[in-house]
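Beneath this line is the structure, given in structure tokens, with notes to follow.
The values are calculated or read from the model by the stated rules, or taken from the named source; none is laboratory data. Because the structure is a prediction, the values reported are computed rather than measured. Every residue, glycine as well, gets a Cβ built from its backbone with ideal geometry; the counts of neighbours run over all protein chains shown.
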Amino acid sequence: MSSTAAKLVRPEIGALKPYVAATYAEGVLRLNANEAPWSPIAPGSGIDLKELNRYPDERPWELTARLADFYGVTPDCLLVTRGSSEGIDLLIRSFCRAGIDECIINPPTFGMYRVYADVQGAAVKELPLLAEQGYALDVDGIISNWSDTSKLAFICTPNNPTGNTVPADELDRLCKALVGKGMVVIDAAYTEFADYDPTELLTRYDNVVVLRTLSKALGLAGVRCGAVIGNPEVIGYLQQILPPYSYPKPCQEVVLAALDPANRSEQLRRISALKEQRERLISYCRSNPGFSAVLPSNANFIFVTAVNPEDVIAATEAAKVRIRDFSKEPTALAGFRITAGTAEGNDQLINALDTLK
């Protein structure tokens, strides 16, 4: 019996012969990739320029192995990407034929799912979160609306921008229902701030893909490091359309250093501190009469709606604090997403918001 991915992948991707990159070996003179023979000239840059005249490995193998260990999977189940957003793009291009296939998304949610689908020419079916149930995922709606052209369901948990998680049993039910029919892409960008890691679903279902990123909990947004985690067959399809040499050496070095086990205790301390600051913001905003609603959150941000959005904008701008303004969005959820910062940063924000009282 063929796998879910093999049934759904675009025929041209399944049949694609990937580009063969130049190979390298230690101690061998590299004259096979049209590289310059010298390191670049950029004194005073603060960057180690050693061997930057050479392409990086076709794939960042050492980083792949380290990330796989970090996330508790085998290296053949992980693809390093430039942020988890690149993983979204690769999945849509691999599984959705332009003008034929569709993705299912659940607004309000991360806007890049639709952007990448539009770029590919794939249709998007929107099944909104259930506002009256705390913006819960409509699992029954996804299952009942699935069609022969539905290929991918993007599930963001904790969801951006609402901050809530999909219960583990509901995720399991969805994945089980779509085996052989569709791929369930679980965007776990904020899972470090929650209590559940959906990667364990890969041990039971062949149609699960998990997106991870080092931009949030590990504070590495500037190096654009993400990972797609799935069964080796899915990773193989994505590898075929990802260009070689796509992850820069300096970024690899930074991420490898960050993943040193000696740094883990400090990383966990920072995650805990941000969770405390998140709860502090929730408590404060609920006590501030300028806000009409404050959603619970399992991410590193909160979402609030305001009695008078213009007052919030004026107060934060005056205090030189920038929050994400969704107040004019044409959705059922129009408000503000506020990232939990340091204690000092949140002091500055709270002082600004005190003017709403």
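Just wondering, is there one or more residues in region 256-270 that are modelled with pLDDT under 95, surrounded by fewer than 17 Cβ atoms within 10 Å (Cβ to Cβ), in contact with an Asp or Glu (Cβ under 8 Å, 6 or more places away or on another chain) and among the hydrophobic types (A, V, I, L, M, F, W, C)?
Yes; the residues of region 256-270 include at least one that is modelled with pLDDT under 95, surrounded by fewer than 17 Cβ atoms within 10 Å (Cβ to Cβ), in contact with an Asp or Glu (Cβ under 8 Å, 6 or more places away or on another chain) and among the hydrophobic types (A, V, I, L, M, F, W, C).
Just need a number here: residues in region 307-328 that are in a loop (DSSP other than H, G, I, E, B), within 24 Å of the chain's Cα centre (by Cα) and surrounded by 14 or more Cβ atoms within 10 Å (Cβ to Cβ). Steps first, answer last, please.
Initially, region 307-328 is screened for residues in a loop (DSSP other than H, G, I, E, B), giving 307-308, 319-323, 326-328.
With the extra rule that they be within 24 Å of the chain's Cα centre (by Cα), the set shrinks to 322-323, 326-327.
Among the residues that remain, those that are also surrounded by 14 or more Cβ atoms within 10 Å (Cβ to Cβ) are: 323, 326-327.
Qualifying residue count, region 307-328: 3.
I need every pair where a residue in region 127-149 that is crowded, with 17+ Cβ neighbours inside 10 Å has its Cβ under 7 Å from the Cβ of a residue that is of a type in the set (Phe, Trp, Tyr), sequence separation at least 6 or different chains.
Note: pairs meeting the criteria are Leu129/Tyr135.
Please find, within region 329-357, the residue that is farthest from Val166 (Cα to Cα) out of those that are part of a loop (DSSP other than H, G, I, E, B) and of a type in the set (Val, Ile, Thr).
So in region 329-357, the residues part of a loop (DSSP other than H, G, I, E, B) come out as 329-335, 340-342, 357.
Narrowing the set further to residues that are of a type in the set (Val, Ile, Thr) leaves 331, 342.
Working: Thr331: 21, Thr342: 27 Å.
Only one residue fits best here, namely Thr342.
Can you tell me which residue within region 50-59, out of those that are more than 30 Å from the chain's Cα centre (by Cα) and either surrounded by 16 or more Cβ atoms within 10 Å (Cβ to Cβ) or under 16 Å from Val254 (Cα atoms) (or both), is modelled with the lowest pLDDT?
Just the residues of region 50-59 that are more than 30 Å from the chain's Cα centre (by Cα), to begin with: 50-51, 53.
This time we only want the ones that are either surrounded by 16 or more Cβ atoms within 10 Å (Cβ to Cβ) or under 16 Å from Val254 (Cα atoms) (or both), so: 50-51.
Details: Lys50: 76, Glu51: 79.
The qualifying residue modelled with the lowest pLDDT is Lys50.
Within region 329-344, can you find the residues that are surrounded by 14 or more Cβ atoms within 10 Å (Cβ to Cβ), in contact (Cβ under 8 Å) with a residue 40 or more places away in the chain and of a type in the set (Gly, Ala, Ser)?
Gly335, Ala340, Gly341, listed by residue number.
Could you list, in sequence order, the residues of region 3-21 that are assigned to a loop (DSSP other than H, G, I, E, B), at pLDDT below 90 and surrounded by 10 or more Cβ atoms within 10 Å (Cβ to Cβ)? Let's see the steps before the verdict.
Filtering region 3-21 down to residues assigned to a loop (DSSP other than H, G, I, E, B) leaves 3, 9-10, 15-21.
Pick out the ones that are also at pLDDT below 90 and you get 15-21.
Across region 3-21, the qualifying residues are Leu16, Pro18, Tyr19, Ala21.
With the requirement that a residue be acidic (Asp, Glu) and modelled with pLDDT of 95 or more, what does region 112-130 give you? If you could, list the steps in order and put the result at the bottom.
In the first step, residues of region 112-130 are kept if they are acidic (Asp, Glu); the result is 118, 126.
Within region 112-130, just Glu126 meets the criteria.
Name the single residue that is farthest from Pro11 (Cα to Cα) among those in region 97-123 being β-branched (Val, Ile, Thr) and buried (at least 18 other Cβ atoms within 10 Å of the Cβ).
First pass over region 97-123, keeping only residues β-branched (Val, Ile, Thr): 100, 104-105, 109, 115, 119.
From what is left, the residues that are buried (at least 18 other Cβ atoms within 10 Å of the Cβ) are 104-105, 109.
Details: Ile104: 21, Ile105: 24, Thr109: 30 Å.
Ranking the candidates gives Thr109 first.
What are the residues in region 65-83 that are of a type in the set (Gly, Ala, Ser) and more than 17 Å from the chain's Cα centre (by Cα), if any?
Of everything in region 65-83, those that are of a type in the set (Gly, Ala, Ser) and more than 17 Å from the chain's Cα centre (by Cα) turn out to be Ala65, Gly72.
Just to be sure, is Leu211 within 17 Å of Gly111 (Cα to Cα), in contact with a Gly (Cβ under 7 Å, 6 or more places away or on another chain), modelled with pLDDT of 95 or more and not charged (D, E, K, R)? So that I can check it myself, show each step before the final result.
Numbers: within 17 Å of Gly111 (Cα to Cα): yes; in contact with a Gly (Cβ under 7 Å, 6 or more places away or on another chain): yes; modelled with pLDDT of 95 or more: yes; not charged (D, E, K, R): yes.
It is true that Leu211 is within 17 Å of Gly111 (Cα to Cα), in contact with a Gly (Cβ under 7 Å, 6 or more places away or on another chain), modelled with pLDDT of 95 or more and not charged (D, E, K, R).
Looking at region 83-96, is at least one residue in a strand (DSSP E or B) and either in contact (Cβ under 8 Å) with a residue 24 or more places away in the chain or surrounded by 17 or more Cβ atoms within 10 Å (Cβ to Cβ) (or both)? Walk me through it before giving the result.
Taking region 83-96 as the starting set, the residues that turn out to be in a strand (DSSP E or B) are none.
No, there is no match, as no residue in region 83-96 is in a strand (DSSP E or B) and either in contact (Cβ under 8 Å) with a residue 24 or more places away in the chain or surrounded by 17 or more Cβ atoms within 10 Å (Cβ to Cβ) (or both).
Does region 146-163 contain any residue that is more than 23 Å from Gly236 (Cβ to Cβ), over 21 Å from the mean Cα position of the chain (by Cα), hydroxyl-bearing (Ser, Thr, Tyr) and in a helix (DSSP H, G or I)?
no
Based on what the data block shows, is Gly219 under 20 Å from the mean Cα position of the chain (by Cα) and without any contact (Cβ under 8 Å) to a residue 60 or more places away in the chain?
Details: under 20 Å from the mean Cα position of the chain (by Cα): yes; without any contact (Cβ under 8 Å) to a residue 60 or more places away in the chain: yes.
Yes.
I want to confirm something. Restricting to region 290-306 and keeping residues that are farther than 20 Å from Cys156 by Cα and in contact with a helix residue (DSSP H, G or I) (Cβ under 7 Å, 6 or more places away or on another chain), which single residue is surrounded by the most Cβ atoms within 10 Å (Cβ to Cβ)?
Within region 290-306, the subset farther than 20 Å from Cys156 by Cα is 290-293, 305-306.
Restricting the remaining residues to those that are in contact with a helix residue (DSSP H, G or I) (Cβ under 7 Å, 6 or more places away or on another chain) gives 290-291, 306.
Working: Gly290: 18, Phe291: 19, Ala306: 22.
Here the answer is Ala306.
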